[in-house]
Structure formats: C-alpha cells, structure tokens
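What follows is one structure encoded as structure tokens, with my remarks underneath.
The values are calculated or read from the model by the stated rules, or taken from the named source; none is laboratory data. From a predicted model like this one, the values you see are computed outputs, not experimental measurements. Counting neighbours? That spans all protein chains shown, and the Cβs are built from the backbone with ideal geometry, glycine included. Just so you know, the surface numbers come from the protein's heavy atoms only, side chains and all, with ligands and any DNA or RNA stripped out. Shrake-Rupley method; radii C 1.70, N 1.55, O 1.52, S 1.80 Å.
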Amino acid sequence: GTVRGQTNARLMQDTLNNSGVIDAVTGDVFISVCTDNNNLVLNTSAPGSITADNGDINLNTDATTAGGTITVTGDGTLGSNAAGSINVGVTGERNAVSINVGTIVGCVTGFGTTFSVTTIDNNANLMAGNINADSNISLNALGRSADFITCGPITSTAGNISINAGAVGFDDSDISIDHNLNAGGNINIVSLGLLSSSVSFSNVTVNAGNNI
C-alpha cells in the first residue's frame, strides 16, 4: 500500500511492517511510538521504502515519546533526498539504535547509548554524521563498491568507533572522513575492497582514547 502526505507524513506505531510506500512530498516523515519509552521496531522490506522527497526522515525524535530502543531492519530503502537527513532519537532520552537495511539515502544523524548503521545493497553509499553515542558506534556500507562519507562529526563518549565500506574481494570502495571523529575507546576504519579502494582524511581531527 501507499501512505503519502503532500506535506508531512506522521505515523504513531510501536511496531511497523512496511513493504509499500511511506512518503512525504514536500515535508518530512515522522515515525514515533505510541507511549513514552516504548521501543520502536520498524521493518521495511523490498520493494518497500520510507522516503521524504524534499525533507527528512525522523525516527522517534519526539521528546514526549522517546526513550525506547530504535530498531530498523529489512532490505528496503530508507530516505530519498540526498540533501536530507535520517534523524534518529533524542539527546536527553537515549537508548540503543540499530539500523540494518538495503539502502539509505541522506545523512544518518542522531543519539543513542549505542549506535549501529549497516547498508547491504551494492553501490549503496552510506553518509553519517552528527552522531553522538554514549558507547560503541558502528557504521557499515557493506555492498559491493559501496562508499562511506561523513556528513558531520561522530562522537562516542566512552566506546569505540568502527567504520567499514565495501565487500571483501570486490573493487572500488572509498571512505571519506571529512569531519572530526572522537572516541573514548578505539577508532577502526577499514575499506574492504581491493583495487582502487581508499581511506582519506580532509582537514579533520581524529581523537581516540586508546588506539587508531
């Protein structure tokens, strides 16, 4: 089925299974739980998508209902606006964040106790930044020839930051670190591709409490 708001699209659901289209044409998509501190579980299966053509995707960003875990799974698509954001969680109401989908379009941002994002489609580049977590952050673009690009600083107060791109045995997966990384623990950055793969840093500060 299709849920389309000509401006915004707002849904309140603790568990949402989507194999159709959820879309906001000119505004944003907001998906929140029904009651404060409930967990948000979202499954979007291909060819399903959750998109905001000219805006952002917001997952449990309402402080009045935030506080639970946020889990997004499936092989569908999250986002359609490369200039937009996938905003996750609220700074003062943190819990674990886990996103594992086919493709993400837009910059993943947000807050969590832990924060994990993985894309699996080939050529599905992952952008992430303005992420702040209490503990471990894991960011992975695992499709063939998939790239990773920062779109803001990434901070783990007391944990590790792990960034991976590409599929083992396949070429041309690049990681571009254009914003500061700060971790209380280790920072690990790996381009998994073979020829023409790279990791680059541009005018940034990388701080780790332990090892890089």
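Could you work out the relative contact order of the stretch 59-131, using alpha carbon pairs under 8 angstrom and six or more residues apart, expressed as a whole percent? Don't skip to the answer; put the middle values down first.
Working: 177 pairs, mean separation 22.3, N = 73.
After rounding, I find 31 percent.
Once volume of the Cα convex hull per residue in Å³ is calculated for the structure shown, the corresponding label among (i) 171; (ii) 137; (iii) 96 turns out to be (iii). Peptides 81-90, 201-210 ordered by packing proxy, namely the average of other Cβ atoms within 10 Å per residue, highest first: 81-90, 201-210.
Among the cysteines of the chain, those whose beta-carbon sits 4.7 Å or more from every other cysteine beta-carbon are Cys34.
For the chain, the carbon plus sulfur part of the accessible surface works out to 46%, probe radius 1.4 Å.
Highest GNM mean-square fluctuation among Val117, Val108, Val168, for the chain modelled with Cα contacts below 10 Å: Val168.
Across the chain, C-alpha contacts under 8 Å between residues 6 or more apart give a mean separation that, scaled by the residue count, equals a relative contact order of 11 percent.
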